[in-house]
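The values are calculated or read from the model by the stated rules, or taken from the named source; none is laboratory data. What you are looking at is a predicted structure, and each value in this text was computed from that prediction instead of being measured. Methodologically, a virtual Cβ is constructed for each residue, glycine included, from the backbone with ideal geometry; neighbour enumeration extends over all protein chains shown.
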Ligand code: GDP
């Protein structure tokens, strides 16, 4: 393959920078720009060894560098690779890259090094996704999840499911194609139990997906309540500064204000909505409609009630909307005499906390309630969990086909039709790992990467 080169370190000044060169004649190109004082050539170096020297452009010294050599197939891309580590200035790094390009390399595209690793069979598409997940991880759990994906937990599970499906398809076609041979009939009961095994393996792959998504993107959290219960005060208290307008006049938060707040490893993406109440004000009414819509999209709802007065009709309307949703009820204004009925709220919402947003009192109880709801302990990422929408869609499609094939068997449909459904499930899984993905899908995966990765 042609030789590609790119800067693998960030586009910013730093201690060192690395220019990566990969391809059939990567080491020859490195030798054209890099000179070791002892005359040692990159092509003669063993893999995983370094040399000290200088990089020149047309005989002119650019920088003092270290050259690291990796020999195919034992490199990141699976090809011969040379990495030049130089002083981390932007100008000097770009000048070295230009010298490398002048001597026969082509500039690497986004994710092209990892794409070559994929083409050369060093990793599958789920492991390529993992590389990007490791780079963008913001906390320990996110990193653990990405690392497990990189190790191949999802790939291995898909491989095992794939082998089961291929065996089932083999049995079905042998029986259908050679009826005169003495091949035992495929027993629907046995087939059904094999398909049920596949089904539960696929289900386990998507079990931790929601938690992973929440870790990466933050918890889409909506604060709701009727006007004047203290939503904006709580929002400001959580976000640490005055963003929402806090007044005694009901209906002052007319649209949606947003902010991100970190709680331990979790990030709450908070939206403070307009107070929900019956209103004849058109603008306020639009805000109330947005608030209701936001409730349906939310990962978490914080419902605020004014503890200093009894529950009213608007409070009950909100409570009705929140049944069976992931929700925490906050009874605010605990600095005053409490007149609202916590037990009634409890009938609708299991988690309740008493706080005074104004005095910043009880906020830690609210934080623990959030952490309890999103506790990751029951999810073992080492069992394999899909990590992005593309992977999830492939497993969902496969699962749908498997479920349909199980129902088809139950209703006595011809085995030919069942074969078609199982084959479609198999195709989805091959797309997931990249063994049969279209070029568009592969390009889409690598477009998320930077040029040096
Ligand atoms: P929102 O309409 O629900 O957003 O309510 P605001 O946050 O604008 O608060 C309405 C009023 O209640 C303001 O005067 C706040 O100062 C007051 N308030 C908010 N939280 C508390 C609290 O914990 N205790 C008391 N006593 N007053 C509060």
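Under the condition of being away from the ligand (no atom under 16 Å from the Cβ) and either modelled with pLDDT of 95 or more or part of a helix (DSSP H, G or I) (or both), the residues counted in region 293-309 number 3.
Among the residues in region 329-337, are any without any contact (Cβ under 8 Å) to a residue 60 or more places away in the chain, under 30 Å from residue 146 (Cβ atoms) and not in a helix (DSSP H, G or I)? Checked region 329-337: no residue is without any contact (Cβ under 8 Å) to a residue 60 or more places away in the chain, under 30 Å from residue 146 (Cβ atoms) and not in a helix (DSSP H, G or I).
Each row is one residue, and each column tells you yes or no for (1) within 30 Å of residue 267 (Cα to Cα); (2) within 20 Å of the chain's Cα centre (by Cα); (3) in contact (Cβ under 8 Å) with a residue 40 or more places away in the chain.
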site: 367; (1), (2), (3): yes, no, yes
site: 370; (1), (2), (3): yes, no, yes
site: 416; (1), (2), (3): no, no, yes
site: 448; (1), (2), (3): yes, yes, yes
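Candidates are the residues of region 346-356 that are in contact with a helix residue (DSSP H, G or I) (Cβ under 8 Å, 6 or more places away or on another chain), outside any strand (DSSP E or B) and away from the ligand (no atom under 16 Å from the Cβ); the one that is nearest to residue 236 (Cα to Cα) is 349. Of all the criteria given as (1) surrounded by fewer than 16 Cβ atoms within 10 Å (Cβ to Cβ); (2) modelled with pLDDT of 60 or more; (3) within 22 Å of residue 313 (Cβ to Cβ), the one not satisfied by residue 260 is (3). Residue 170 meets each of the listed conditions (1) loosely packed, with under 15 Cβ neighbours inside 10 Å; (2) in a loop (DSSP other than H, G, I, E, B); (3) over 17 Å from the mean Cα position of the chain (by Cα) apart from (2). Just one of the numbered conditions (1) at pLDDT 95 or above; (2) surrounded by 15 or more Cβ atoms within 10 Å (Cβ to Cβ); (3) closer than 20 Å to residue 12 by Cα is not true of residue 81: (3). Residues in region 329-341 that are surrounded by 16 or more Cβ atoms within 10 Å (Cβ to Cβ) and either at pLDDT below 90 or away from the ligand (no atom under 16 Å from the Cβ) (or both): 340 only.
Looking at residue 18, is it surrounded by 15 or more Cβ atoms within 10 Å (Cβ to Cβ), more than 14 Å from residue 69 (Cα to Cα) and touching a strand residue (DSSP E or B) at 6+ places or on another chain (Cβ under 9 Å)? So residue 18 fails the test.
So which residues in region 17-63 are more than 16 Å from residue 6 (Cα to Cα) and assigned to a helix (DSSP H, G or I)? 28, 31, 32, 42, 43, 44 - these are the residues of region 17-63 that are more than 16 Å from residue 6 (Cα to Cα) and assigned to a helix (DSSP H, G or I).
From the list 99, 146, the lone residue that is touching a helix residue (DSSP H, G or I) at 6+ places or on another chain (Cβ under 6 Å), part of a helix (DSSP H, G or I) and at pLDDT 95 or above is 99.
The condition (being in contact (Cβ under 8 Å) with a residue 12 or more places away in the chain, assigned to a helix (DSSP H, G or I) and either buried (at least 16 other Cβ atoms within 10 Å of the Cβ) or within 12 Å of the ligand (Cβ to nearest atom) (or both)) is satisfied by just one residue among 317, 321: 321.
Scoring residue 359 on the criteria (1) farther than 26 Å from residue 140 by Cα; (2) surrounded by 14 or more Cβ atoms within 10 Å (Cβ to Cβ); (3) within 16 Å of the ligand (Cβ to nearest atom) leaves a single failure, condition (2).
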